[in-house]
Every structure is written in structure tokens, then in C-alpha cells.
Amino acid sequence: MTQRISVIGVGYLGAVHAAAMAELGHDVIGLDVDAERVAALQAGRAPFHEPGFEELLRRGLAAGRLRFTTDYAALADAEVHFLGLGTPQRADGLGADLSHLEAAVDALAAVLPARAGARTLVVGKSTVPAGTARALAPRIEQVPGAALMWNPEFLREGFAVQDTLAPDRLVYGVPGAAEEDPRVGMLDAVYAPILEAGTPRLVMGYEAAELVKVSANAFLATKISFINAVAEMCEVTGADVTDVARAIGMDDRIGAKFLRAGVGFGGGCLPKDLRAFLSSAEQHGVGEALGFLREVDAVNQRRRSRVVELARELLGDLAGRRITVLGAAFKPDSDDVRDSPALDVAARLLEAGAELVVTDPEAEAGAVRRLGAERFTADTEQALAGAELVLLLTEWGEYRDLDPERARALVASPRIIDGRSVLDLPAWQRSGWTTRALGRGEARSVPSRAGRPVPAGEARPVPSSEGRPAAVPVPA
Ligand code: UGA
């Protein structure tokens, strides 16, 4: 049944959620305080790169089921209001900044009409510390007939549409955790097509729902830092972390996902959620329990320094050296550069005096903002031209598929650091490249016999990081 829905905060999460709710057949209004963003969305233009989103947006607009506003008064007749506001890291510490969320709750409460019975539902989707919903509820519930529930969002950038319309699970947080709470039925009606497709739905208390989200992100971050810590061991023992990850990932209990070693995690969620979780635990007096998250963060930061060290191992002093960085976004299929490892490494190289060229298929705006327009080139081949060292730091398909022979013809010196463990290093070595990769002792080579193709099956000595030679057969 069609419902009147509002989505407050149409950033990444909110905009996709609004368009997805219109796709389910609801009548949706999205609100943001950013008038430019609202104008873009209303004109059918996605303000960020997200596969499939613009089509969904345009479909909703064309069907007359989706519109955008900056005016809270326009939300008054909606029955269900989703809160999709950002909760960034506070400027003065590790905790989450809830000011946008709090301001939105107050602005919404001011326009909600009093209704008899539980008729207005406010649904928090933002990632928040445990205790937030309980603290915000009175501000909503002062309006007769209005009630708050928490329904965390698990979408991944790059898969946002699919994750919203076909999530792994729906989590509903209501005080008392009772299935028969009228809020549960109201949200079920909104998500009816998703539930009918068999999506599991879990009802729990406010705090549990809030903790599900931060725990999930902290677990994912821990998994990545775990394999990156193993990568550090691989570097000093000569092992290849991709071998280790492949083998441990075959154990169902461990699972193969999120075991890609490399320059580590970034983005607008994992790093800040990890820190907010730790900060919230400290506030509750159980900081020690989550103290290991500090180490998870530290391992992640160390990977960024390690890439710069590898660059120095290859070039010596970086001042004046022509270095190309492939990738600026925090991950492929996104133009998001928030806490991007690639951009962070690029900035460090620049600081060290390198003559830097950065390229990325989508993240030009973010890269230019951080590094300056003169450092950015949209064309991959132009970016490679004349490089003395290439760093692959975001694994876009077009970089994974680079032809080492063709790339070699473009650069000044064939040296590459694979910061995402995605290249077939022996193939690059056969094309004359000197390669380095995070955590791949066995797959490394020192300055190779430039350009001489190595016959299939020929063993080539590959010194490990301690200089201990290990005979590695070169695959056909
Ligand atoms: C993350 C979570 O995966 C979503 O479930 C969650 O909803 C979202 O945060 C959020 O809180 O809104 P996202 O930030 O889009 O989603 O990115 P991820 O796909 O989790 O990747 C995060 C970072 O980890 C990226 O920089 C990626 O390159 C890195 N990563 C990922 C690795 O270094 N290794 C891996 O094996 C996987």
C-alpha cells in the first residue's frame, strides 16, 4: 500500500533510500538543508557516483512519486519519516558528531501534526552510538501520536541500490523489543515488497539495533586490519599474503570476504565508526573491552606509511621524482574520497616533494580539492606517461586490467607498487617491471632483467625482504 514518506538528509544514504522507497511505490519527499543538492536531485542528477542510482532517481521523479525540498513544513503530511543524516567524527575527538541529527529531529518535531494514536513514525537510519535513540525519543514523542524507532542501514557504496532494495536483513529497534509494538507493523508496511522477497527481519531493543550497526562496521574493519597485520608478517618472512588469505578464507567460519590485504580501509564509515565505537565504550566505562580497535586503526594507518616507505626503497629521495598514483577514491565504483587511503598516500608523496600525477575515473573533484588541479589527469595513459614509479592504490577495473607491455611503453622507468594486491605480478615482471606489493614477499622482484621475457617454467630468484633468495617458478 502506498504510504507518504519523507527522508530527511539526502546524502548518500538518504538519497538512495528516498529513490528506493519511491521504487517500492511510495510517495516520497526528500529534504536537505543543502539547496544545491536538492536542486540537483530534483533535476534528476545524482550528486555522487553510484551505479544504478540515477536511473532509479529519474524513474521516481518521472512517475511523480519522488520530490525534494529544503522546507520542513512540506513534510508535515507524511506518515513515516526516515532520518538519513550524517554522523561524522567530531572535530574535537573520536566520538560521533550528532549535531545534524539532533537539529533535524527538532526541526521535524516542530512541524509534525498532533495525531490520535500511534500514527506518525520516525525511523532513524543514521549510524549512532548506543543510547542515541533513547535520548532522542522524548523530542519526537512530545508530539501526540509520534513514535521513534531505529532501523540501521547497511548499504555499501557502489552497491547502494541493490543493498537498499535487497538487503541481507532488516533490523528494527524498538524499546521493549516487542514484535507486537505498533511501530513494527508500520515499518513492515513500508518494506512490504522487501519482506515478501524473504528478507529476514529482526526486532530488538533500541540499543541492540544501534550496536548491530557499529559492531558490523567494527568487525569488517577488524577483518581488514587482521589480514593487513598478517601482511606485515608476510613482508618480513617472504610469504605471499594472497596465498594466506585464499587458504584461510576457504574455512566457512572465516569466510573469504574482506580479506583483501593492501593499503587498508577508508571512506566515510569504517574509520569514523570504529573510533566512535571506541569512544562510546570509553564513555560507558568499558573502553578496555574495545581497546583493540585502537590497534585496528593503527594497523590501518601503518599500511599507508608502508606504501610511502616502499616508494623510498625503490627511488630513494622522492623529491623531484615523477610518480603516478592510480586511484583517488576510497574504493572502486565510488567517487568518495573521504579518508581515502589513496589520496592520503598521494598527499604524503607530494609533501615529500614528489612530482605527482594522480588519476581516477570518477574522483576528480575530490582529488583536485585535496591536491590541486595541476596534479590531476583524467586519462590513465597520460597519467602514466613519463612516470618513474607507478602506485596502484584504488583497484578500479581499468587499472587491474592494465596491459603491462603497453604501460611499459608509456613510463620512463617500469616500477610499480601494487597497493591493493590485484595485479598478476609475475606477468608484470616478465614485461620488465620492478614490482612491489604490500604483503607479497614471494611475488616481489628486485630490478628485473628489463624487458627480457622469462620463458615459462623458468625459476627466477626472488629475494625476500631480508634478501634471502627464494626460487619461484614463473607460471606459463
Ligand atoms: C561500509 C560497510 O561495508 C557497509 O555495510 C556500511 O553500511 C557502510 O560502511 C556504512 O556504514 O554506511 P563502505 O564504506 O561503502 O561500506 O565500504 P566497504 O565496502 O566496507 O569498504 C571500506 C574500505 O575497506 C574501502 O576503503 C575498501 O577498499 C577497504 N577494503 C575492503 C579492504 O581494504 N579490504 C577488503 O578486503 C575489503
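Listing for the model above:
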| quantity | calculated |
| --- | --- |
| Residue match in region 243-252 (condition: within 24 Å of the chain's Cα centre (by Cα), within 13 Å of the ligand (Cβ to nearest atom), part of a helix (DSSP H, G or I) and touching a residue at least 40 places away in the same chain (Cβ under 8 Å)) | no |
| Unique residue being more than 15 Å from the ligand (Cβ to nearest atom), on the phi > 0 side of the Ramachandran plot and surrounded by fewer than 23 Cβ atoms within 10 Å (Cβ to Cβ) when the list is GLY291, GLY285 | GLY285 |
| Residue in region 450-467 that is among the small types (Gly, Ala, Ser), modelled with pLDDT under 95, assigned by TED's automatic domain parsing to the domain that holds VAL230 and part of a strand (DSSP E or B) present | yes |
| Selection status of PHE226, open to solvent by 40 Å² or more (accessible area, probe 1.4 Å), within 11 Å of the ligand (Cβ to nearest atom), assigned to a helix (DSSP H, G or I) and under 30 Å from ASN151 (Cβ atoms) | yes |
| Matching option when the condition is at pLDDT below 95 and outside any helix (DSSP H, G or I), among GLY268, GLY285, GLY262, GLY255 | GLY268 |
| Those residues of region 10-28 which are part of a loop (DSSP other than H, G, I, E, B) and open to solvent by 10 Å² or more (accessible area, probe 1.4 Å), in sequence order | GLY11, LEU24, GLY25 |
| Close pairs from region 137-157: first within 24 Å of GLU50 (Cβ to Cβ) and without any contact (Cβ under 8 Å) to a residue 12 or more places away in the chain, partner within 8 Å of the ligand (Cβ to nearest atom) and open to solvent by 10 Å² or more (accessible area, probe 1.4 Å), Cβ under 8 Å, at least 6 apart | ARG156/ASP163 |
| Qualifying residue in region 16-23 (condition: within 30 Å of PHE277 (Cα to Cα), in contact with a Phe, Trp or Tyr (Cβ under 7 Å, 6 or more places away or on another chain) and β-branched (Val, Ile, Thr)) | yes |
| Residues of region 29-57 satisfying the condition of being open to solvent by less than 10 Å² (accessible area, probe 1.4 Å), in contact with a strand residue (DSSP E or B) (Cβ under 9 Å, 6 or more places away or on another chain) and not hydrophobic (A, V, I, L, M, F, W, C) | GLY30 |
| Some residue of region 17-40 being touching a helix residue (DSSP H, G or I) at 6+ places or on another chain (Cβ under 7 Å) and within 16 Å of the ligand (Cβ to nearest atom) | yes |
| Helices (runs of 4 or more DSSP H) fully within region 106-223 counting 1 or more residues that are within 13 Å of the ligand (Cβ to nearest atom), within 29 Å of the chain's Cα centre (by Cα) and on the phi < 0 side of the Ramachandran plot | 160-165 |
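The values are calculated or read from the model by the stated rules, or taken from the named source; none is laboratory data. Note that the structure is a prediction, hence the values are computed from the model and not measured. Here Cβ is always computed from backbone atoms with ideal geometry, including for glycine, and neighbour counts include all displayed protein chains. The area values use the complete protein model at the heavy-atom level, side chains included, leaving out ligands, DNA and RNA. Shrake-Rupley method; radii C 1.70, N 1.55, O 1.52, S 1.80 Å.
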